[in-house]
1. How big is the dipole moment of the chain about its Cα centre under a simple scheme where the beta carbon of each Lys and Arg is +1, that of each Asp and Glu is -1, and everything else is neutral? Debye, nearest 20, please.
2. Which peptide among 134-144, 210-220, 187-197 comes first, and what is the full order, when sorted by highest mean count of other Cβ atoms within 10 Å?
3. Out of all DSSP beta bridges in the chain, what portion is antiparallel? Express it as a percent rounded to 5.
4. Find, to one decimal place in angstroms, the Kirkwood hydrodynamic radius of region 22-88, where the mean of 1/r is taken over every pair of different Cα atoms and then inverted.
5. Starting with the highest mean, order 44-56, 106-118 by the number of other Cβ atoms within 10 Å, averaged over the residues of each peptide.
6. If the only charges are +1 at each Lys and Arg Cβ and -1 at each Asp and Glu Cβ, what is the size of the charge dipole of region 93-208 around the Cα centre, to the nearest 20 debye?
7. Please find the FRET efficiency linking Arg222 to Arg88, where r is the Cβ-Cβ separation and R0 is fixed at 41 Å, and quote it to the nearest 0.05.
8. Apply the Debye scattering formula to region 70-170, with a single equal point scatterer on each alpha-carbon and no solvent, then give log10 I(q)/I(0) at q = 0.16, 0.17, 0.22 Å⁻¹.
Amino acid sequence: MIKGRIVGTGSTTPKRILTNKDLESIVDTTDEWITRRTGIKERRISSGGQSENTSDLATKASLRALEMADISPQTLDMIVVGTITPDRQFPSVACFVQKTLGASKAVALDVSAGCSGFLYALSIADNAIATGTCQNALVIGAERLSAITNWEDRSTCVLIGDGAGAVVLTPSTAHDGILSTHLQSDGSFWELLYSSDGISKIPEILNTIEGKPFYMIMDGNRLFKKAVSCLVGIALAALEHHNLSSADVTLMVPHQANLRIIKAVAEKLSIPMDKVYTNIQKYGNTSSATIPIALDEANREGLLKAGDYVLLVTFGAGLTWGASIIKWSF
């Protein structure tokens, strides 16, 4: 049975750092409150004129993943980008990445699934490899959430950050790679996290942000409870699909939305926090980019080796959620 396996990872974040202390000058909040409620200490924010559009970040992350995989862009058959903050309504971020990389033979498309975008994109590329229609695939999660943030809403503006992560997939016939990806959605809960038309007022300290004509609205308390329930359920389903238990997981790489959510999910799954990778303290919530950024950092820090079972879990607007079981292959 053919399946996709990850052979390269890469990530990037903007240069600009926005700390909790900085946010104290923008909205009525404190470093202590943000840290206690979210686990976030700082985040990266894109600036205009710094080549930090979504497609720029996606391309930089992709080049690092391709370099690790030792694969030329010209050999790519597919580029799939998970994002809700494309440079333009159309064409897709994936097409801009394709152009910059010179990946002329690759089919390119974007996936909109909120913070679950990377796992949805991963599933598409993995299925293409499994059916034999694709040999080399580039899967990206890239966002500029700062462009769709209401900087007067202290419940959401303290959470977000910008960045991109990418992985390269190639075929495997061994018992490794992406063993399965499980995806779900429920549109009846759309009002827990959605976009509303309008342009947010950009604070002076962030006047280089290029905003978009909509911003996010979130029902945080209800979303928290729903996220924990969905993440635990989909993670258990993915593990049971392969007759695995939580004890078999070498590393869980969750969507970095809120440290309290991550801890609650880990506790319910009986996975100790030393087997959970978190970097939310540095980057905040970068939506579809959180998992590939975290996966790349864990990989480059030497936390993964061939044969390890990696559990990816995500939850986002839609509502959408998913889990993937990977048997690490390099």
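No value in this document is a laboratory result; all are computed from the given coordinates. No experiment lies behind these values; they were computed from the predicted model shown. As a convention, Cβ positions derive from the backbone with ideal geometry for all residues, glycine included, and neighbour counts pool all protein chains shown.
1. It works out to roughly 240 debye.
2. Per-residue Cβ counts within 10 Å, averaged per peptide and sorted highest first, yield 134-144, 210-220, 187-197.
3. 70 percent
4. 15.3 Å
5. Those peptides, ordered most packed to least, come out 106-118, 44-56.
6. Roughly 400 debye for region 93-208.
7. 0.80
8. -0.66, -0.73, -1.09
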